[in-house]
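To start, the structure itself, in structure tokens.
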Amino acid sequence: MIRLHYHPFSTYARRVRIALIEKNIPHKLVEVDMAARQHKTPEYMALNPYARVPTLEEDGFVLYESSAIMMYLEDEHPEPALIPGDSKGRAEVDMHLRLCDAQMATPAGVIIFQKRFFPEAKWNLESITKASADITKHLKILDRQLEGVDYLVHDRYTLADIAYIPFLQFLPIMVDAASVPANVAKWSAELLARPSSVETAPAK
């Protein structure tokens, strides 16, 4: 059985959990106590030398990068499919996974980490302002891609959408509500309302 080492506040672990739920894959969750620095222990770092979550174990096979984990799950458990069957659709999903990490996850991390885990007096407002502007720019691009469709690739729910869900959860603290384009707002609301998203939502 799959063992997924995770933390409930990890955005990257959450996307893997959503994929597991959507694909109905049996798995065991193993919570890593980050506050107690369990991720820095020799035992855990033998699995994941980067001391992060998530880490997937299955019969001695180990993966520790969320996009790679999701692609592995798709290949091993192709039904229900979360990637189109054609090469162009697969390439589009891969493109969006990479763009999510580069254009959304990176600036989102700057904001989420500070606003959720530090008092306001310790926030670096300059870095937050820049990250927020970068996210706003990316949302405008996504808005154009979502024009007239419900999802990013082939108008069907895929790993491309799942990759964004943990970050869409925190849009209210990352950008002004007025700057969220209409198509993105609709897409975000629908994705966050899915049972798999609700089940994996972090504590407030």
Taking the range 1-14 and keeping residues open to solvent by less than 60 Å² (accessible area, probe 1.4 Å) and not in a loop (DSSP other than H, G, I, E, B) leaves Ile2, Leu4, His5, Tyr6, Thr11, Ala13, Arg14
Given (1) hydrophobic (A, V, I, L, M, F, W, C); (2) modelled with pLDDT of 95 or more; (3) under 22 Å from Ser66 (Cα atoms), where does Ala133 come up short, assuming only one miss?
(3)
Could you go through the range 136-149 and let me know if any residue there is in a loop (DSSP other than H, G, I, E, B) and in contact with an Asp or Glu (Cβ under 7 Å, 6 or more places away or on another chain).
yes
Please give the number of the condition Asp143 fails out of (1) acidic (Asp, Glu); (2) surrounded by fewer than 13 Cβ atoms within 10 Å (Cβ to Cβ); (3) without any contact (Cβ under 8 Å) to a residue 60 or more places away in the chain.
(2)
Selection from the range 181-202 of residues that are open to solvent by less than 60 Å² (accessible area, probe 1.4 Å) and part of a loop (DSSP other than H, G, I, E, B):
Pro181, Ala201, Pro202
It is to be established whether one or more residues within the range 105-113 are over 16 Å from the mean Cα position of the chain (by Cα) and at pLDDT 95 or above.
no
Checking Glu57, Glu92 in turn, the sole residue that is closer than 19 Å to Pro8 by Cβ and of a type in the set (Asp, Glu) turns out to be Glu57
Restricting attention to the range 151-179, which residues are open to solvent by 60 Å² or more (accessible area, probe 1.4 Å) and part of a loop (DSSP other than H, G, I, E, B)?
His154, Asp155, Asp176
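The values are calculated or read from the model by the stated rules, or taken from the named source; none is laboratory data. What you see is a predicted model; the values in this text were computed from it and never measured. Positions of Cβ are backbone-derived with ideal geometry, glycine not excepted, and every protein chain shown enters the neighbour counts. Heavy atoms of the whole protein, side chains included, go into the accessibility calculation; ligands, DNA and RNA do not. Shrake-Rupley method; radii C 1.70, N 1.55, O 1.52, S 1.80 Å.
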